[in-house]
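Engineer: Below is the structure I would like to discuss, written out as structure tokens.
Read the figures in this text as sums done on the coordinates, not as results from a lab. All values derive from a computational prediction rather than experimental measurement. FYI the Cβ positions are ideal-geometry reconstructions off the backbone, even for glycines, and counts take in every protein chain you see.
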Amino acid sequence: MNVAPPLGALLDGLVDYAGLFPPAALSMPEAVEAYARYFRGPHRQMLGRFVLPVARLGEFAHAAGDTGDDWRLAVLAGPDDAGEIARFNGAHVGRYQADTIEARASDHETIWRLSSAYDESYVVYVEIPSAEDPEPLVAELATRGMRAKIRTGGVTADAFPEARDIVRFLAACARHGVPFKATAGLHHPLRGEYPLTYAPESPRGMMYGFLNVFLAAALLYDGADESDVAPLLEEWDAGALAIGDDAISWRGQSVTAGEIARAREAFAGSFGSCSFEEPVQDLATLQLLSPT
């Protein structure tokens, strides 16, 4: 993937493929075939994990067969599913492994149960509510060496959080040194109005861009003030971003390729998307990426 170094650092492993989930809602064979194609394709560098529910691990193994060598899976699971995931991993050593857990929690007890269920061999992301102050739960995740997850959209307009809530979440994670990932609604590079589903007459709504969210995260991780970064979440003008050989700049603020790489490695994990092609195509339309 031939892109400028700072953009390459931003895009590296950024998209966890969640083709099983709405609005794509592919069948397991369709989603596995698509992931295999992307895994072999020219934009492999952007591809992260294959996302699936714990209840569909057996179905995944049947569909993937011998095609999934070196695949890494992110499994939506709860504290009671640890044994099943361990058995799955034991049966598929050297082929595909579930090394990331994605769970939900809105209280300290659930976080404690998750931390007790999954040892350090797993990366555990915990989706927490963003409409209320996330600081207490982010602090709890920090004490337990766990990661945070935020829902950034969905298939209805009311599923999208306020920009101020996203920035508040990112800033809390940065203060406590808690890595995060995002999920839903980030199919496009920049903020804008898009169809909310793939239905022919789909309603449209304002969606956040993955460049907006992850550039904001990199700036916050590098020490930028929350109030200075907040407008970036609602930036829709591609001309406001300048991507050079050494840095990405936005309205007087900049972050270097090295700073982006450090933020991605230690803080800004990835985002789940039911489409991999849409982010690639939109980046190509912006002339930031070759379509082939």
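Engineer: From the set of residues in region 107-130 that are farther than 17 Å from THR143 by Cβ and polar (S, T, N, Q), which is surrounded by the most Cβ atoms within 10 Å (Cβ to Cβ)?
Structural biologist: SER130
Engineer: I would also like to ask the following. Anything in region 66-89 that is of a type in the set (Gly, Ala, Ser) and either surrounded by fewer than 21 Cβ atoms within 10 Å (Cβ to Cβ) or out of contact with any Phe, Trp or Tyr (no Cβ under 9 Å at 6 or more places or on another chain) (or both)? List them, or say none. Give the steps one after another, and end with the answer.
Structural biologist: Narrowing region 66-89 to residues of a type in the set (Gly, Ala, Ser): 68, 74, 77-78, 82-83, 86.
Result: GLY78, ALA82, GLY83, ALA86.
Engineer: Considering only region 186-196, I want to know if a residue exists there that is part of a loop (DSSP other than H, G, I, E, B), on the phi > 0 side of the Ramachandran plot, surrounded by 24 or more Cβ atoms within 10 Å (Cβ to Cβ) and under 13 Å from the mean Cα position of the chain (by Cα). Write out each step before concluding.
Structural biologist: Filtering region 186-196 for residues part of a loop (DSSP other than H, G, I, E, B) gives 186-187, 189-191, 196.
Applying the additional criterion that residues be on the phi > 0 side of the Ramachandran plot yields none.
No: zero hits.
Engineer: Next question. Within region 153-185, how many residues are among the β-branched types (Val, Ile, Thr), assigned to a strand (DSSP E or B) and in contact with a Ser or Thr (Cβ under 6 Å, 6 or more places away or on another chain)?
Structural biologist: Pass one, region 153-185, residues among the β-branched types (Val, Ile, Thr): 155-156, 166-167, 178, 183.
So of that shortlist, the ones also assigned to a strand (DSSP E or B) come out as 183.
Now narrow it down to the ones that are in contact with a Ser or Thr (Cβ under 6 Å, 6 or more places away or on another chain): none.
So the count comes out to 0.
Engineer: When the residues of region 69-112 are narrowed to those that are more than 21 Å from the chain's Cα centre (by Cα) and outside any helix (DSSP H, G or I), which ends up nearest to ARG44 (Cα to Cα)?
Structural biologist: My answer is ASP69.
Engineer: Another one. Assuming VAL280 fulfils every condition listed in (1) farther than 30 Å from ALA142 by Cβ; (2) surrounded by fewer than 16 Cβ atoms within 10 Å (Cβ to Cβ); (3) not basic (Lys, Arg) apart from one, which condition is it?
Structural biologist: Result: VAL280 fails condition (2) only.
Engineer: Still on this structure, please answer the following. Tally the residues that are without any contact (Cβ under 8 Å) to a residue 12 or more places away in the chain and among the polar types (S, T, N, Q), restricting the search to region 232-253.
Structural biologist: Number satisfying all stated conditions: 1.
Engineer: Please identify the pairs in which a residue from region 132-152 that is over 21 Å from ASP119 (Cβ atoms) has its Cβ atom under 9 Å from the Cβ atom of a residue that is among the acidic types (Asp, Glu) and surrounded by 23 or more Cβ atoms within 10 Å (Cβ to Cβ), counting only partners at least 6 apart or on another chain.
Structural biologist: none
Engineer: Same structure, new question: Within region 130-138, does at least one residue satisfy the condition of being under 16 Å from the mean Cα position of the chain (by Cα) and in a loop (DSSP other than H, G, I, E, B)?
Structural biologist: Yes, there is a match, as at least one residue in region 130-138 is under 16 Å from the mean Cα position of the chain (by Cα) and in a loop (DSSP other than H, G, I, E, B).
Engineer: Kindly indicate which of ALA25, ALA55 is surrounded by fewer than 16 Cβ atoms within 10 Å (Cβ to Cβ), free of Cβ contacts under 8 Å to residues at least 24 places away in the same chain and not hydroxyl-bearing (Ser, Thr, Tyr).
Structural biologist: On the way: ALA25 fails: free of Cβ contacts under 8 Å to residues at least 24 places away in the same chain.
Selected residue: ALA55, the only one of ALA25, ALA55 that is surrounded by fewer than 16 Cβ atoms within 10 Å (Cβ to Cβ), free of Cβ contacts under 8 Å to residues at least 24 places away in the same chain and not hydroxyl-bearing (Ser, Thr, Tyr).
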